[in-house]
Structure formats: C-alpha cells, structure tokens
1. Condition test on residue 306, is it over 18 Å from the mean Cα position of the chain (by Cα) and either farther than 24 Å from residue 77 by Cα or not small (Gly, Ala, Ser) (or both)?
2. Applying the selection to region 390-425, what residues are under 19 Å from residue 205 (Cα atoms) and exposed (fewer than 15 other Cβ atoms within 10 Å of the Cβ)?
3. Which residue out of 289, 223 is among the acidic types (Asp, Glu) and surrounded by fewer than 21 Cβ atoms within 10 Å (Cβ to Cβ)?
4. Scanning for something surrounded by fewer than 24 Cβ atoms within 10 Å (Cβ to Cβ) and out of contact with any Leu (no Cβ under 7 Å at 6 or more places or on another chain), does region 104-112 turn up at least one residue?
5. Report, by residue number, each residue of region 255-296 that is assigned to a helix (DSSP H, G or I), closer than 20 Å to residue 119 by Cβ and either modelled with pLDDT under 85 or hydroxyl-bearing (Ser, Thr, Tyr) (or both).
6. Quick one: would you say residue 222 is among the β-branched types (Val, Ile, Thr), in contact with a Gly (Cβ under 9 Å, 6 or more places away or on another chain), more than 18 Å from residue 48 (Cβ to Cβ) and in contact (Cβ under 8 Å) with a residue 12 or more places away in the chain?
7. Looking at 200, 218, 209, which one is assigned to a loop (DSSP other than H, G, I, E, B) and surrounded by 15 or more Cβ atoms within 10 Å (Cβ to Cβ)?
8. Does region 338-376 hold any residues that are part of a helix (DSSP H, G or I), of a type outside the set (A, V, I, L, M) and either closer than 19 Å to residue 138 by Cα or modelled with pLDDT under 85 (or both), and which are they?
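The values are calculated or read from the model by the stated rules, or taken from the named source; none is laboratory data. What you are looking at is a predicted structure, and each value in this text was computed from that prediction instead of being measured. Don't worry about glycine lacking a Cβ; one is built from the backbone with ideal geometry, like all the others, and counts go over all protein chains shown.
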Amino acid sequence: MTVTTSTGHAPGAALASGESTAKLGLGSSTSLVVGSIIGTGVFTMPAVMAGAGTVSILALAVIGVCAVLLGLMFGQLTRRIPTSDGGLYAYARHELGDFAGYLTAWCYWITCWAGNAAIVASWVLYVEALFGITDPSMGMNVLIAFSGLWIPAFINLAGVRQMAWFQNVTVVLKFLPLLLVGTVGWFFIKGSNFPAFNASGGSLFDAVSIAAGVALFSFIGVETAAIVAGKVKNPRRNVGRASVIGTAASGLLYVAVTAAVMGLVPSAELATDGAPFVAAFQAMFGSAEWVGKSVALVAVISGIGALNGWTMVTAEMPYAAARAGLFPRTFARTTRGEVPWFGIVLSTALASVLMAWSYSGGTLGLQVFTSLVGLSVVTVAIPYFFSACAQLTYLVSRRRRVQGAALVRDLAISVTSALFSLWITAAAGYAAVYQGLLLVLIGVPLYAFLRVVRDRKDDDAAAEPVPADAVG
C-alpha cells in the first residue's frame, strides 16, 4: 500500500487544476475505506447488539450487503460524473442542481464531525481501560477525547503522504486482532451466552431498529474513497474497487466478530459493558491483566486510525463545495501541501465542543456513543439518498448509454440504495431525526446568503465594460 506523488506542478498549480500533489493508489484507497469503516465502533457494537438480540446479526449482514451496493453505485457515479471531487456532493450537484449539492455537502459535513465525536466517545472507554482509569471525572473524559480528536488533525495537517502512511499502519494493526476474534474466538463460544432472538423487550421492529442504527454507523465510510476522489490515482477505476473491496472485507469481519463476542460473553454482562472486547479476550485467553491491556491497546490504535481517515474526509467535501461557491470560501484555504486546513481545524473544534457538551451533563460513555450515533446516521442518510436519486436521474434520462441487463442491474442497485437510505432514517429514531432536521434547516439560510454573494459577483462580472481593443 503506497502513496505516489505527482511532480511537475508549480506551487498552487495543483489547486488551480483540481489535482492534488499526492495521489492515493488502490491499496491506500482501500486502506482508507477499511480504516474509516472499522473504528472503535466495532469494539462497542456487540454491547449494543446484545441489547437487541441475535436478530441484530441478521440485520448487520443485510446492512453490509446494502453498503456494498452503495459502494458499487459510488463507483458507477464516479465514472459517469465528469468532475467527481467531493464525491456525493459532486454527484448530487451534477444531476440535481446547486441546492441539492449544497445540502449534500452540508449534511455530510455534519456527519463527519458528529461521527468523529461518536468514535472518540467509544475510544475514551478503551483508553481508560488501557491505563486502568476507573470512575473518571468529566475533565478526564474531555481531556482524553480532545487528544483523540486533535492528534489525527495534526497528522492530517502534515500532508497526504503522512496521513496515508499512518492509515496503512493502523489498518494492519487493528485488522489482524479482530480477525483473531472472528476466527479463533469461535472455538471458545458457549451457546448459553447468546441473547434471545429478540432481547429488546419490544417488537421485532424495535429490536431491528436498535441494531440498525449502530450497524449503519459502523458502515459509514463506504463512501470515503469517493469523497477524496480528487486525491485518488485513476479514480474512475479505483474508487469503485476500493469501495467494494474495503466494505466487503469490513462487513465479513463485522459479522464474524460480533457473533463471536456474543458467544464469548454472557448476554446480560455484554449488554452493559462499554468495552466488551476485553471480556471476550479474557474468555479466550484467561483473565490475566495483559489480556485486557492488549485488547484496549488494539482498540485505541483502531480508533486513532479511524479518526485519522475521517479527519481528512471532514475537509474534502466542504473544500470541493467552497471552490464552487457553495460553501464559505474559507473552507478552500489550503497549506502549501494542498491540505484544506481550515476545514480540518473547524471540524475538529466542533467535534471537541460536542464532546464537552455531551460529557457536561454527566452522561456515561456508552450513552454518549449511542446518542451521537443516531445523529450521524440521519445526516449521512440524506447524502446517500441524494446520490441514489442522482444515479436514477442519469439512468432514466436520454443521456444514458446503459442498456439491457446492465440497465436493470444499475436500476436495482440505485432503487435499493434509495430505499435503504429511507429505512435507516426511520430506524434512527424520532430524537435523532428531530436533531438532524434542525441542523439541516440551519444550513438553509447559509445557502441563501452564499447564493446572494455568488449572484452579485456574477452580476458585477457581467457589468464590467468590454475593453475597446477587444471589440471587433
């Protein structure tokens, strides 16, 4: 997995041409997808899933298949959209207009920094387990959370090459231990540990909804290769491949690991455990202190790797939108290495504020994680839905060159993706939809202001007198 560097550009030329001074190959693009999908969420997910029951494993598998279909669709859109910088934003804008593009960028930007806050909420639990911190104060939680948010920010500000190197290393370090649980762990499971098929205490739909929210959150990241298409080498070929390979590998690992943990830890204990992998490894290798410390270390590395990738993504879509005048121009500011520093700094600051606010009410870590998951799921479902609609618009238009079986296949993928987006919105719950809607509406006045500014610039440019020597 390597990062290749393009040469021959003068300073600032890369920005003007829409190219990056560094390119992510297929290996690094796939690593970015895997690293963004597999964060600390997988280390907390079995606890939430246990509260829903074993039906959650089935829900996880279905969502994994739908996520792979999303990856296929993003790859198709990248090949068909002439300028795909910003991924989902570019798809929506090209087919549905400026407002759809802006709303996609706005919602996804919220998803990124709110999602980073959710990842770090889970990450804090494992940092505390690693260092033996019991009954931490609010200040201690906030301090640990801030370190988890700002260390990846500084790595990203150092440049794409450093970010990709760090991403590749952390993906390997976290993937292998998870693979160990998903394979060897099955030799230690006990049937009596598994929860009931529906352990939610409500209807089967309630159980599926509990599982669907955290499961979908755990798959957010399928689109990261599409978002950073401008930094991917040969994006028309590699974005789709990286999305599908990375998502499929992550999905298979998720199902194997979650089911194994359910069989390793008694359901009553698992449902209330903020760091369930510690108990799972202890069931496999004994209760020695080094076992728990090793698991916590893996989770900490995994979280930093995910935050590293997501910190990069938080700035990419606003950067692409800002260059088109659909986001404040400050988001287009970059370092000499073409890193959109303003988006990284502001997004990390907002995630920090959100974390401080979440802990200020005395909320427990696992509760903070689940509440932030809902908000992230709702706001990411909107860009997914717009992308599916953009693909449908292309497929039913006269511009398409897709015919026969390929047309049926692509229509099935896009329709499934659209319905999937609607379902996960409903499954997120009323509170998450309410919070998400408020944040979406806040973005509408900003768009109106940006539209006025852009229209005035266009009017001023049109009113400029034509030089005399240019006439005739």
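1. Criteria not met by residue 306.
2. Step one: of region 390-425, the residues under 19 Å from residue 205 (Cα atoms) are 419-425.
419, 422 - these are the residues of region 390-425 that are under 19 Å from residue 205 (Cα atoms) and exposed (fewer than 15 other Cβ atoms within 10 Å of the Cβ).
3. When all the criteria are applied, what remains is 289.
4. The answer is no; no qualifying residue exists.
5. Hits for region 255-296 are 258, 276, 277, 278, 295, 296.
6. Yes.
7. Matching residue, one of 200, 218, 209: 200.
8. Step one: of region 338-376, the residues part of a helix (DSSP H, G or I) are 341-360, 365-376.
Okay, now just the ones that are also of a type outside the set (A, V, I, L, M), so 341-343, 347-348, 352, 357-360, 365, 367, 369-371, 374, 376.
Correct list: 352, 357, 358, 359, 360, 365, 367, 369, 370, 371, 374.
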